[in-house]
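A.B. asks: I am attaching a structure below and will ask some questions about it afterwards.
The values are calculated or read from the model by the stated rules, or taken from the named source; none is laboratory data. The shown structure was predicted, so the numbers you read here are calculated from the model rather than taken from an experiment. Here the Cβ positions follow ideal geometry from the backbone for every residue, glycine too, while neighbour counts run over all protein chains shown. Note: accessible area is taken over every heavy atom of the protein model, side chains too, but ligands, DNA and RNA are not part of it. Shrake-Rupley method; radii C 1.70, N 1.55, O 1.52, S 1.80 Å.
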Amino acid sequence: MANQSAKRVTQQNAQRMSLLSKLFIGINAFYIFIRLMFQYRSLSWTGSIMYLVTAGVETLLYMNLYSVSRPRYDPGGVLVSSGTDLSQPGLVSYMFDYIYISWFVHVLSLLTKWAWALYLVIPVYVGVLAAPYVKQFLGSRSSNEPAPSAEDEAKEKKRREKKERKQQRAKYVRA
């Protein structure tokens, strides 16, 4: 039963990529069909460019997910690596999120041209996630954290002096 976990990850990745492939083709084909057959007169250059750019990014992410999820075998046919687990959090889940948002925007853009503004959610979300790290990096205090008072500074100074005196004491070692 060696590599049972790796085999399970390989199988789950294959199922997830199969579903992703079907949805990828289906939603993009649906968008193009509706846009060209029923809404051709409302098709604009900006809408076309936005679709092509977002579909291009979506395609790059899909190809990346496909590449990292593929298992690797040695020449003897033994599983060497199951590929990246597509259910893990982090960058992989952000790629899936972008693809899902793209599909939602593409379908919604068939109803209104303002649907493209939903892509602004992505940088806002990144900003919300990055804000604590940026604050920590810049060394700023949070607004609800009070500034140290003179009394606190005196206590801190006393504590440091006591620590220094303790370090300066002679240390006795048993021989």
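Matching residues to (1) assigned to a loop (DSSP other than H, G, I, E, B); (2) within 13 Å of MET17 (Cα to Cα):
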residue	(1), (2)
ASP85	yes, yes
GLN88	yes, no
VAL92	no, yes
TRP103	no, no
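A.B. asks: Only one of these conditions is not met by PRO75: (1) surrounded by 10 or more Cβ atoms within 10 Å (Cβ to Cβ); (2) not in a helix (DSSP H, G or I). Which number is it?
C.D. replies: That leaves (1) as the condition not met.
A.B. asks: Can you tell me which residue within region 100-118, out of those that are open to solvent by less than 60 Å² (accessible area, probe 1.4 Å) and hydroxyl-bearing (Ser, Thr, Tyr), is modelled with the highest pLDDT?
C.D. replies: So the residue we want is SER102.
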